[in-house]
Every structure is written in structure tokens, then in C-alpha cells.
Amino acid sequence: MLTLALTAALTCWLLRVSFWRWCRWMALPFGFLLVGVLTILFSVSRDPQMLLASFRLGAFSIGISAQGLTVAGETFWRSLAAMAATLWLVLNLPFPQLIILLKRGRLPRLLTEQILLTWRFIFILLDEAMAIHRAQTLRFGYGSVPQGYRSLAMLVGLLFTRVLLRYQQMSTALDIKLYQGDFHL
């Protein structure tokens, strides 16, 4: 917990952002963390005496065990601290410097290239999503709640096809440049 508090304080102080903004940045990964911790927390057992709190579901009992509670708590705080540290790293370290650090750390070249390609595809995905959302907003696509849901569904469907198209364009460009499976980092 100390690591989490220290990382949050450093991030807010060095980047001059409010604590509430930092919390909003942490909200998306926090949802995934919560789902993961809940799956650790609940156990299935035939013997309800082993569980601290449970309910019956047929021949089984679903509930919380003492061991599950301990492991879920440890996992929650460690993962939250790791997410805060990752956020700090992403916000403070430019990506080209990260690649240089990974090379100096003698990380396998294949892993470094995978990180580079993943980073690139994240920004392709965000760029396409923002362009589609901007076009939908200009055409009053989010005027009401039902219209917003319809527009969001269209955005997701169109985003998938556009990202695949951008991937094909990138593959074609790499083929034209005689790409042999090795990026010059």
C-alpha cells in the first residue's frame, strides 16, 4: 500500500495533475482488476463449512474462504501498485527512450519488437476510433440514448474493419520495403 501511495503522490506532483484526474486514469484498468480479484475471492466447494460466507447452488456452495480472502487482498494491492507504477512509467518515459532502455537491458529483440508493434497498433486503434466518433458526432450520432447505443455499435463494427484494413496496408508497406522479420530498432 505504501508503494501505491508513493507512486500516486509522485505522479500527481511531478506531472502536476490532480489526484482526481489520476483516479480517472486508473479507473479503466481498475475495472479489470476488480473482475480478476472477484474471481479469486469466490470459491466453489461441496463443504459449506470451509467457507466464511456462502450460498447453496445445487450440490455445491459458492462463497468466500479465508484463503481466498487473503489471496484476493494481496493480489488486489499488488496489482493496484503495479498499475500505478505502469501508469507512472507510461506518463513519464517517452516511448523511444523505453525502447532504448529495453535494448540496453538486453531484452530479447523479438519481445522489444512485439512491444513496439503493440504500441503502434494501440495508436492506430485510438486514431481510427477518434475519427469515427468525430464523424458520428458531426452527424448528430449521439443525440439521444438509443441513438448513442446505435452509434456505438456501429463504431465498434466499423472500427474492427478499419483496423484490419490499416493492418493490411501496413503489411503491404512492409512487403514493399522487403521486410524480413527484423525491425531496425
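The values are calculated or read from the model by the stated rules, or taken from the named source; none is laboratory data. Because the structure is predicted, anything quoted here is derived from the model rather than measured. Heads up, the Cβs are rebuilt from the backbone with ideal geometry, glycines too, and the neighbour counts pull from every protein chain shown.
Assorted remarks:
- Scanning the range 11-56 for residues being in a helix (DSSP H, G or I), touching a strand residue (DSSP E or B) at 6+ places or on another chain (Cβ under 7 Å) and either over 26 Å from residue 87 (Cα atoms) or not assigned by TED's automatic domain parsing to the domain that holds residue 73 (or both) gives a total of 1.
- Flag: residue 136 matches the condition of being in contact with a Ser or Thr (Cβ under 6 Å, 6 or more places away or on another chain), free of Cβ contacts under 8 Å to residues at least 60 places away in the same chain and farther than 25 Å from residue 26 by Cα.
- Of the helices (runs of 4 or more DSSP H) contained entirely in the range 93-185, those carrying at least 2 residues that are at pLDDT 90 or above and surrounded by 11 or more Cβ atoms within 10 Å (Cβ to Cβ) fall at 109-138, 145-176.
- The residue of the range 42-92 that is surrounded by the most Cβ atoms within 10 Å (Cβ to Cβ), among those that are under 30 Å from residue 119 (Cβ atoms) and without any contact (Cβ under 8 Å) to a residue 12 or more places away in the chain, is 82.
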